[in-house]
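The values are calculated or read from the model by the stated rules, or taken from the named source; none is laboratory data. Just so it is clear, the model here is predicted, and its values are computed rather than measured. We place every Cβ from the backbone using ideal geometry, glycine too, and count neighbours over all the protein chains shown. All accessible areas refer to the heavy atoms of the entire protein, side chains included, with ligands and DNA or RNA removed. Shrake-Rupley method; radii C 1.70, N 1.55, O 1.52, S 1.80 Å.
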Amino acid sequence: MSNIYQIAIDGPSGSGKSTLAKGVSAKLGIMYLDTGAMYRTCGLAAIKAGIDPKNPEQVKELLDKTSVEVKFSEGQQHMILNGEDVTGFIRTGEVSMAASSVSAHPFVREAMVQMQRAIAADQSFVLDGRDIASKVLPDCKYKFFLTASSEKRAERRLKELEERGDKSQTYEDVLKDIIQRDKQDSERAASPLIKVADAIEINTDEIGIEETLETLLSYIKE
């Protein structure tokens, strides 16, 4: 157990958390857990069930009869919803907003946090999200908080969607979603998006992914 360690990368939507976490994972040869994919899967479950993701009673009833699993195959994370691999269906704007809504419910966050802790308990992991350092792994040694303007994050998210072949949203649509999601994530009662006191903050507005990655790795290697 002494050789097991965790790296927490927190920040708002579109700040580059997932890309950087994957880069750190590859450089250091440790596993990467995309915690956002877990909440997205819960959001997708709400959409599939036709319920209001903001309604706690409906979400609680759904979660009680829903199976959400994380499986790894050849180093890749797969999200399993009621036995079905939904990894390729959780990256739409609709799912993103539903994920933000369901993740505001304390019982959803507690269920996912327990899963995340269990997954990262027996081997080294890098995790990204909004409450990794504050809630999931508060005792982890390496804590980072990424920031970027909402405009820059909207540009990145739009590019990401277009690279996946999704051209259904405009820049204005994506920017509006990001601003709304920031509000939901920062104001929710359960594990709001915050920067813990001992986290290293990095603004990614003016620096590229490679430079940001090298900055993170330099702190870790120190």
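Here are some notes:
- Screening segment 41-51 for residues that are open to solvent by 20 Å² or more (accessible area, probe 1.4 Å) and either modelled with pLDDT under 95 or under 21 Å from the mean Cα position of the chain (by Cα) (or both) and picking the one that is farthest from Ser100 (Cα to Cα) gives Lys48.
Matching residues to (1) within 15 Å of the chain's Cα centre (by Cα); (2) modelled with pLDDT of 95 or more; (3) within 26 Å of Ile202 (Cα to Cα); (4) in a helix (DSSP H, G or I):
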residue: Ser100; (1), (2), (3), (4): yes, no, yes, yes
residue: Ala104; (1), (2), (3), (4): yes, no, yes, no
residue: Ala121; (1), (2), (3), (4): no, no, no, no
residue: Lys135; (1), (2), (3), (4): yes, no, yes, yes
residue: Cys140; (1), (2), (3), (4): no, no, yes, no
residue: Glu155; (1), (2), (3), (4): no, no, yes, yes
residue: Leu158; (1), (2), (3), (4): no, no, yes, yes
residue: Lys167; (1), (2), (3), (4): no, no, no, no
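- Only listed residue being buried (at least 24 other Cβ atoms within 10 Å of the Cβ) and among the charged types (D, E, K, R), chosen from Arg130, Arg117: Arg130
- Residue list for segment 52-84, restricted to those being exposed (fewer than 12 other Cβ atoms within 10 Å of the Cβ) and either under 25 Å from Leu158 (Cα atoms) or under 17 Å from the mean Cα position of the chain (by Cα) (or both): Lys71, Gln76
- Considering segment 193-209, the residues that are among the charged types (D, E, K, R) and exposed (fewer than 15 other Cβ atoms within 10 Å of the Cβ) include one that is farthest from Lys143 (Cα to Cα), namely Glu206.
- Pick from segment 85-109, criterion of a type in the set (Val, Ile, Thr) and touching a helix residue (DSSP H, G or I) at 6+ places or on another chain (Cβ under 7 Å), ranking: surrounded by the most Cβ atoms within 10 Å (Cβ to Cβ): Val102
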